[in-house]
Amino acid sequence: MIEEKPRKKRKAQVAKQDCVACGCCTKVCPKGAIRVYKGLYAQVNEGLCIGCGRCAAECPAAIIEVVKVDA
Amino acid sequence: MKKHWYDYLWIVSIVYLTLGFFNILCAWIGLIFFFLPLLIAIFGGGKLYCNLFCDRGQLLSLLGKKLKLSANRRPPVFLHKKWFRYGFLAFFMVMFGQMLWITYLVGAGQRPLSQHVKLLWSIKLPWQWAYHGGVSPWVAQFSFGFYSIMLTSTLLGIITMILFRPRSWCVYCPMGTMTQLISRARSRSE
Ligand code: SF4
Ligand code: SF4
Ligand code: SF4
């Protein structure tokens with residue numbers, strides 16, 4: 001029997017408490033998966049995020065990480 | 001990605017700084033960049049100004065990304081820490097207050113008009129060619145003071161754009177910090 005491995009997907013994760021809500025990340029996301037919530041911090045829509053990491057490379061505060069999560 | 005009309009607002013930055021080079025009184029126009037973001041945040045628009053319209057942020061993106069002037073390095077961690085951001089905002093406000101005080105003194109006739117632009121709060125640049133008279137001395141003094149702030153913050157933005165990521169300035173920009181604080185206060189009171 002083939003054991004089914006838990007599938008991992010890459011998703012962007014924002015360190016909310018450090019986010020300055022500048023919105024740079026939103027401008028480069030190809031999926032429109034990251035948005036600034038009410039001028040407070042950026043939020044990732046995990047359903048849309050493909051884990052490409054563009055937002056993480058763009059973030060001027062460097063507080064986004066692409067992590068593996070269970071799909 | 002589709003370009004919008006507001007993606008060209010970086011031009012405003014260049015026009016503003018250029019105008020001030022020829023006629024310092026144009027510095028007053030800069031009050032728009034001062035009040036607009038605050039008003040948007042106060043009326044519940046969050047950081048829409050930063051997120052879409054800010055000419056300064058766009059200029060830094062352009063210089064850093066399109067013209068590839070940025071080293072694209074991760075900035076030091078302290079840059080986004082609250083103590084640094086709030087500390088820089090406080091420092092900025094004190095310097096702003098001092099500028100208003102000097103404007104007041106000139107208006108009250110207790111100080112002569114100083115036709116200089118002060119860079120980084122310390123370096124006095126001659127700028128008298130941009131003043132052609134015709135207004136009360138305090139109106140001119142405010143222009144020199146306000147333009148100094150705009151030029152200084154642009155310069156700091158450019159330095160951190162070169163050293164770190166293009167919009168590193170936006171991490172500690174006092175305006176960005178203020179609009180986020182207003183947004184926080186609003187969401188807490190909701
Ligand atoms: S680019 Fe970074 S700091 Fe700016 S809103 Fe996105 S996550 Fe926050
Ligand atoms: S990792 Fe890619 S898809 Fe996911 S939010 Fe960032 S830019 Fe968008
Ligand atoms: S943080 Fe400052 S420079 Fe950056 S977009 Fe906002 S107002 Fe403009």
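Can you pull out the residues in the stretch B:76-100 that are within 10 Å of chain A (Cβ to nearest Cβ), closer than 17 Å to residue B:157 by Cα and either under 17 Å from the mean Cα position of the chain (by Cα) or of a type in the set (Lys, Arg) (or both)?
Hit for the stretch B:76-100 is B:85, nothing else.
Taking the stated definitions as given, is residue B:73 within 13 Å of chain A (Cβ to nearest Cβ), out of contact with any strand residue (DSSP E or B) (no Cβ under 6 Å at 6 or more places or on another chain) and in a loop (DSSP other than H, G, I, E, B)?
Values: within 13 Å of chain A (Cβ to nearest Cβ): yes; out of contact with any strand residue (DSSP E or B) (no Cβ under 6 Å at 6 or more places or on another chain): yes; in a loop (DSSP other than H, G, I, E, B): yes.
Against the criterion (within 13 Å of chain A (Cβ to nearest Cβ), out of contact with any strand residue (DSSP E or B) (no Cβ under 6 Å at 6 or more places or on another chain) and in a loop (DSSP other than H, G, I, E, B)), residue B:73 qualifies.
Considering each residue of the stretch B:52-66, count those that are over 16 Å from the mean Cα position of the chain (by Cα) and surrounded by 23 or more Cβ atoms within 10 Å (Cβ to Cβ), and give that number. Break it down stepwise before answering.
Taking the stretch B:52-66 as the starting set, the residues that turn out to be over 16 Å from the mean Cα position of the chain (by Cα) are B:52, B:62-66.
Now restrict to residues that are surrounded by 23 or more Cβ atoms within 10 Å (Cβ to Cβ): B:64.
Summing the residues that are over 16 Å from the mean Cα position of the chain (by Cα) and surrounded by 23 or more Cβ atoms within 10 Å (Cβ to Cβ) in the stretch B:52-66 gives 1.
Between a residue in the stretch B:167-190 that is more than 7 Å from chain A (Cβ to nearest Cβ) and any residue that is charged (D, E, K, R) and assigned to a helix (DSSP H, G or I), which pairs come within a Cβ distance under 7 Å, given they are 6 or more apart or on different chains?
Here the result reads B:172/B:85; B:177/B:85, each pair linking the stretch B:167-190 to a residue that is charged (D, E, K, R) and assigned to a helix (DSSP H, G or I).
Here's the yes/no breakdown for (1) within 14 Å of chain A (Cβ to nearest Cβ); (2) free of Cβ contacts under 8 Å to residues at least 40 places away in the same chain:
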| position | (1), (2) |
| --- | --- |
| B:35 | no, yes |
| B:39 | yes, yes |
| B:43 | yes, yes |
| B:50 | yes, no |
| B:64 | yes, no |
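In this structure, is residue B:109 among the small types (Gly, Ala, Ser), more than 12 Å from chain A (Cβ to nearest Cβ) and part of a helix (DSSP H, G or I)? I'd like the intermediate steps shown before the answer.
Working: among the small types (Gly, Ala, Ser): yes; more than 12 Å from chain A (Cβ to nearest Cβ): yes; part of a helix (DSSP H, G or I): no.
Criteria not met by residue B:109.
Considering every residue within the stretch A:5-24, establish whether at least one is within 16 Å of ligand 3 (Cβ to nearest atom), surrounded by 13 or more Cβ atoms within 10 Å (Cβ to Cβ) and more than 21 Å from residue B:56 (Cα to Cα).
Our first condition is that a residue be within 16 Å of ligand 3 (Cβ to nearest atom); within the stretch A:5-24, this holds for A:18-24.
Adding the requirement that they be surrounded by 13 or more Cβ atoms within 10 Å (Cβ to Cβ) leaves A:18-24.
So of that shortlist, the ones also more than 21 Å from residue B:56 (Cα to Cα) come out as A:18.
Within the stretch A:5-24, one or more residues are within 16 Å of ligand 3 (Cβ to nearest atom), surrounded by 13 or more Cβ atoms within 10 Å (Cβ to Cβ) and more than 21 Å from residue B:56 (Cα to Cα).
I'd like the full set of residues that are within 11 Å of the chain's Cα centre (by Cα) and either surrounded by fewer than 20 Cβ atoms within 10 Å (Cβ to Cβ) or not in a loop (DSSP other than H, G, I, E, B) (or both), limited to the stretch A:32-50. Steps first, please.
First, pick out the residues of the stretch A:32-50 that are within 11 Å of the chain's Cα centre (by Cα): A:32-35, A:42-50.
Correct list: A:32, A:34, A:35, A:42, A:43, A:44, A:45, A:46, A:47, A:48, A:50.
Look through the stretch B:163-178, keep the residues that are assigned to a helix (DSSP H, G or I) and more than 10 Å from ligand 1 (Cβ to nearest atom), and return whichever of them is farthest from the chain's Cα centre (by Cα). If you could, list the steps in order and put the result at the bottom.
Within the stretch B:163-178, the first condition is being assigned to a helix (DSSP H, G or I), and the residues that meet it are B:163, B:169-172, B:174-178.
Narrowing the set further to residues that are more than 10 Å from ligand 1 (Cβ to nearest atom) leaves B:163, B:169, B:172, B:174-175, B:177-178.
Details: B:163: 19, B:169: 10, B:172: 12, B:174: 8, B:175: 8, B:177: 12, B:178: 12 Å.
Filtering first and then ranking leaves B:163.
Condition first: more than 9 Å from ligand 1 (Cβ to nearest atom), touching a Gly at 6+ places or on another chain (Cβ under 9 Å) and basic (Lys, Arg). Can you find one or more residues in the stretch A:39-62 that meet it?
no
Taking residue A:70 as meeting all but one of (1) more than 12 Å from ligand 1 (Cβ to nearest atom); (2) away from every other protein chain (no Cβ under 12 Å); (3) within 11 Å of the chain's Cα centre (by Cα), write down the number of the exception.
(3)
Which one is nearest to ligand 1 (Cβ to nearest atom), of the residues in the stretch A:1-31 that are in a loop (DSSP other than H, G, I, E, B) and β-branched (Val, Ile, Thr)?
Applying the first criterion (in a loop (DSSP other than H, G, I, E, B)) to the stretch A:1-31 yields A:1-7, A:15, A:19-23, A:29-31.
Remaining after also requiring β-branched (Val, Ile, Thr): A:2, A:20.
Numbers: A:2: 39, A:20: 4 Å.
Top of the filtered list is A:20.
Of all residues in the stretch B:142-190, which are modelled with pLDDT under 95 and under 24 Å from residue B:20 (Cβ atoms)?
Once the filter is applied, which keeps residues that are modelled with pLDDT under 95 and under 24 Å from residue B:20 (Cβ atoms), the stretch B:142-190 yields nothing.
Does at least one position in the stretch A:56-64 carry a residue that is without any contact (Cβ under 8 Å) to a residue 40 or more places away in the chain, assigned to a strand (DSSP E or B), hydrophobic (A, V, I, L, M, F, W, C) and within 13 Å of ligand 2 (Cβ to nearest atom)?
no
Residues B:157, B:145: which one is assigned to a helix (DSSP H, G or I) and either more than 14 Å from ligand 3 (Cβ to nearest atom) or away from chain A (no Cβ under 14 Å) (or both)?
Values: B:157 fails: either more than 14 Å from ligand 3 (Cβ to nearest atom) or away from chain A (no Cβ under 14 Å) (or both).
Sole residue among the options that is assigned to a helix (DSSP H, G or I) and either more than 14 Å from ligand 3 (Cβ to nearest atom) or away from chain A (no Cβ under 14 Å) (or both): B:145.
The values are calculated or read from the model by the stated rules, or taken from the named source; none is laboratory data. As the structure is a prediction and not an experimental result, all values here were calculated from the model. Cβ: placed from backbone, ideal geometry, glycine included. Neighbour counts: every protein chain shown.
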